[in-house]
Structures are given as C-alpha cells and as structure tokens.
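Structure, as structure tokens:
Quick note: the coordinates plus some simple rules give every number you see, no bench work behind them. Everything quoted here is computed from the prediction, not taken from an experiment. No Cβ is skipped: glycine too gets one built from the backbone with ideal geometry, and neighbour counts run over all protein chains shown.
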Amino acid sequence: IHGMDPKGVGDRWADTFADDKLPDLKADFVMANPPFNMSDWARKSDDRRWRYGTPPQSNANYAWLQHIVSKLGDRGSAGVVLSNGSMSSKQSGEGEIRAAMVEADLVSCMIALPGNLFRTTAIPACLWFLTKDKGPQGTKALEDRRSRVLFIDARAMGTMVDRTERVLTEGDLEKISDTYHAWRGTKSAKEKGLSYEDVPGYCFSATLEEIEKHDYVLTPGRYVGAAGAEEDPDAAPVEEQIERLTKELLEQLDESARLDAVVRKQFGSLL
C-alpha cells in the first residue's frame, strides 16, 4: 500500500478476527480507521482479546477497540476513528464493555469531529485515544492523568471547501494537538509554554467518577458544555433523541397540513 514495506505485517491476506496473523504483537503506537458498525465479522465468544466483554455479532466496533488494546505494549497508545454511535451505544452489551474499558483506565481522550470530513459520507465520526499508561512515565515527566479522560468537542471546526466536503485547517489541527499535549504535559507542550485548562464548549478533563455519573457515555458534548450554554441534542440517550425527533416530525407534519389547507383555499378562491 503506497509503497510501504510489508515486512512484519504478514505474508498473505487474513481476517483480523478469524485468523490473527500477529497474535503476540505488542506495539508502541497503533493508528486505525476500521469499518464503521460492521456486522459481517468472524465472532468467537471465547476469544482472549475480549477481556472487557464479548462484542455483539451485530456490530464490530468494540471488537476493533479490544483487538487494538490487545496489541498495545505496556506504554502503548492508539488512535482510532469510529462512528459516533460507539461513544454512547448500549445495545447488546456495548455499554458494559465501554464501562469496563473506562474503569480499566484505557481511554485517554475522546474527540467529536465535524461532519462531511469524508468524501463518501456526511456522517460525523469521533476519535478514540487509548493508552496503557496515563501516569508520568518516568523520565518523560508527563502530567499524571490516571483516572481522568480528556474530552474535546471539535464539531464546530473545519472549513467547507465545496458543497459536500469539510477539511480541518492546519490551525484546527494544531489547536486540537496542542490541547491534548498540554493536558498530557508532553515535551513539545512544555517547549511551547502550553498549560491545560478547561474551555467551556470545547474541552474538559473529566474524572472517572464524573463519567460514571453519565453512565459511561463518552460523547464530549456531555462534558464540555457549550460556550452559550446550548445543550447538545446528540448527547442525549437514544430514547430521548427518538422522542425529540418524533415530536419535531409531528410538528412539521402539522405545519405541512396547515400550509396545504392554505394553498387549497387560495386556489379555490381563483376558481
């Protein structure tokens, strides 16, 4: 792929779930953009990778997350692109798996992205940042972020370059990167003189206790709030979203019926 050296990634095509070609791999860094909400996958209920719960056959999101965690070394970190539903789904045990991963202190940062970043779909996605060690890590002298998760709401970022595509500018990317590095207290953040602080509507450093109060839903909008105190409708539970959308649909149908009656009356007066 793009001239990359295939050495070390296997000698043939394989199914990640049915036939893991690198069962003992331990990586320092993993980056992944797996298929969203995949239902056709080889599920083994006794797979040793399902340490935090067996993912449902209907959706492989938490299979991918746990597979990636299983590949991390003692201080390994991962960045994963997934659908927004992965942050709040409670179907078929996904909520329990997410809670177990949070309580295991594997989740470092959650970022909500704007829509239209992908040319093939307008569906917004999110970024999961996972790590095996949120402590100072010895001589790295990082900020101790154990039992905390950073939430970043980047949905308002980006620029539409045409009718259907949005791109994150260099400034957007730098802001997001600087926020995380400042929170973690990395060398690059210290060299820039950056320090972390919560910003209403943009970022918030939550404790595991606060996340538990939100029933382990990891949607950033639940934690960062909004600069104008506007509530995030997509952060509500699915049941509340359905109720809200149903109400909006009925109101629109009523308005449509009213306008239809007005139009009929106007045409009738012309006859």
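Entry note, the chain: relative contact order of 14 percent, from Cα contacts under 8 Å with a spacing of 6+ residues. What full-extension length gain, to one decimal in nm, is calculated for residue 267 and residue 247 as 0.36 nm per residue of separation minus the Cα-Cα distance? Extra length available between residue 267 and residue 247 comes to 4.2 nm.
For the listed residue pairs 71/175; 175/213; 44/71; 71/190, the alpha carbons are over 26 angstrom apart in 71/175; 175/213; 71/190.
With a 10 Å Cβ neighbour count serving as the proxy for reagent exposure, in which order, fewest first, do 143, 251, 103 appear? It would help to have the intermediate numbers written out before the result.
On the way: 143 18, 251 10, 103 15.
So the ranking, lowest neighbour count to highest, is 251, 103, 143.
Angle of helix 94-103 to the longest C-alpha principal axis of the chain, folded into 0 to 90 degrees and rounded to 10: 50°.
To the nearest ten degrees, helix 170-184 and the longest principal axis of the Cα atoms of the chain are 50 degrees apart. Taking Cβ atoms as reference points and 13 Å as the exclusive limit, the residues near residue 172 contribute a net charge of -1, counting Lys and Arg as +1 and Asp and Glu as -1. Here the chain carries DSSP beta bridges of which approximately 70% are antiparallel, counting only pairs with both residues inside.
Can you tell me the FRET efficiency between residue 40 and residue 100 if r is taken as the Cβ-Cβ distance and R0 is 41 Å, rounded to the nearest 0.05? Present the calculation step by step, with values, prior to reporting the outcome.
Details: r = 25 Å, r/R0 = 0.61.
Here the calculated transfer efficiency is 0.95.
Rounded to the nearest 10 degrees, the inclination of helix 238-270 to the longest alpha-carbon principal axis of the chain is 30 degrees. Entry note, the chain: the mean residue ellipticity at 222 nm calculated from DSSP H runs of n ≥ 4, each adding -39500 (n - 2.57), is -9500 deg cm²/dmol after division by the residues and rounding to the nearest 500.
Using 1/(1 + (r/R0)^6) with R0 = 22 angstrom and r between the beta carbons of residue 28 and residue 214, what's the FRET efficiency to the nearest 0.05? Write out the running numbers ahead of the final one.
Working: r = 31 Å, r/R0 = 1.42.
Here the calculated transfer efficiency is 0.10.
Could you calculate the FRET efficiency of residue 91 with residue 194 from 1/(1 + (r/R0)^6), where r is the beta carbon distance between them and R0 is 22 Å, rounded to 0.05?
Values: r = 39 Å, r/R0 = 1.78.
Computed FRET efficiency for residue 91 and residue 194 comes out at 0.05.
As a proxy for reagent exposure, ranking 48, 163 by other Cβ atoms within 10 Å from fewest up yields 163, 48.
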